[in-house]
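The values are calculated or read from the model by the stated rules, or taken from the named source; none is laboratory data. Small disclaimer: the values here were computed from a predicted structure and weren't measured. Here the Cβ positions follow ideal geometry from the backbone for every residue, glycine too, while neighbour counts run over all protein chains shown.
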Amino acid sequence: MHDDHPDGQQFRVAGLLATAPNGQTVTVYAGSSLNTERQAVSGVRDAMLIGLPALLLVVAAVTWLVTRRALRPVEDIRAELAEIMDGDLSRRVPQPASRDEVARLARTTNATLAALEQSVERQRQFVADASHELRSPIASLRTQLEVARAHPDLLELDGLIEDTVRLERVASDLLLLARLDAGEQPRAERLDLAELVRDELAHRSGDRLPVAAALPDGAFPVHASRTQLARVLGNLLDNAQRHAGSTVRVAVGHGAAGAVALDVIDDGPGVPPADRERIFTRFIRLDDARTRDEGGAGLGLAIVRDVVHRHGGRIEVGDADGGGARFTVTLPGAARSTGHRP
């Protein structure tokens, strides 16, 4: 309870019932002045009214400085991206040494820029490859057509057809490589590699040399695109036919850990060890025997490598028994390939 003193002061008073020694019940009162409490509250209020604006100003300044410092890497990233938009995709945004969200943003941004740079580079490479390989057959077709217009009696349809077929083959190879570079997923199915070899050999009646096939009994299942594996086999056989002396062989067998192996062997000059990686580079021809007239556009083995890698396999080049080249394609067996489907 509160009580007012005659001089205007207020007191806080508390009462307590007690029993006196004579047994009489009495009320005991105790009180204290509220002036001290009010003076303390008033002092705190005055201090807050004076100091709070200054405190808020200090907090705002510190917050601004901390936020600016924290966001400085973000601004650096923004500024670098603005310059990268001018076309130089080889540049990367600065990556802070910290492990916070800004550093993760910088790493993700750089990974995105790297993927974008690779995509643009693939497009440039495709345009360069197309212009490089299509120039010759198109020029040849134009020359023959101009000659035919001026001298109809000199028209050679066989030459026109040959150049057209070559043009079609180069365009098909370039489009397949572009799809592989773009990461396009082919339609895969479970198939028997030995059966695929039999089917493809049955359609190769125009080969320069007969192909001897060693296809053991039993299944050789793989999970792959039939069209693309047929392209792999066809390109390897075409390569063997161009360089073989008298023999071309193809064999299917089981490899280690359930893998399936395809061997294409010829008795030609072979491939020197120093060139066994380089032959899978686009438009590479190693020697005089591998000319445009006798060979292709230099894309066949590049397609083989890319398709095999896309199917989770590998391709190796070695020496054949008795001389020549052995191309070995190893693919995961169907039981193991469920985790890596093209």
Next on the checklist: For the stretch 30-51, give me each residue that is within 30 Å of Leu17 (Cα to Cα) and not in a strand (DSSP E or B).
Outcome noted: Leu34, Asn35, Thr36, Glu37, Arg38
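Every residue, every condition in (1) among the hydrophobic types (A, V, I, L, M, F, W, C); (2) in a helix (DSSP H, G or I); (3) modelled with pLDDT of 80 or more, yes or no:
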position: Ile77; (1), (2), (3): yes, yes, yes
position: Asp86; (1), (2), (3): no, no, no
position: Arg91; (1), (2), (3): no, no, yes
position: Ala130; (1), (2), (3): yes, yes, no
position: Ala139; (1), (2), (3): yes, yes, yes
position: Ile161; (1), (2), (3): yes, yes, yes
Next on the checklist: Can you find a residue that is under 24 Å from the mean Cα position of the chain (by Cα) and under 18 Å from Ala334 (Cα atoms) anywhere in the stretch 210-218?
Outcome noted: no
Item to check | Checklist (1) farther than 30 Å from Ala111 by Cα; (2) in contact (Cβ under 8 Å) with a residue 24 or more places away in the chain applied to Leu81, failing item | outcome: (1)
Next on the checklist: Gly258 - would you say it is free of Cβ contacts under 8 Å to residues at least 24 places away in the same chain, at positive phi and not hydroxyl-bearing (Ser, Thr, Tyr)?
Outcome noted: no
Checklist entry - Before we move on, is Gly270 surrounded by fewer than 19 Cβ atoms within 10 Å (Cβ to Cβ) and under 18 Å from Ala194 (Cα atoms)? => result no
Checklist entry - Is the stretch 54-73 home to any residue that is in contact with a helix residue (DSSP H, G or I) (Cβ under 6 Å, 6 or more places away or on another chain) and either under 30 Å from Val120 (Cα atoms) or without any contact (Cβ under 8 Å) to a residue 12 or more places away in the chain (or both)? => result yes
Next on the checklist: Anything in the stretch 306-327 that is under 18 Å from Gly245 (Cβ atoms) and among the acidic types (Asp, Glu)? List them, or say none.
Outcome noted: Asp319, Asp321
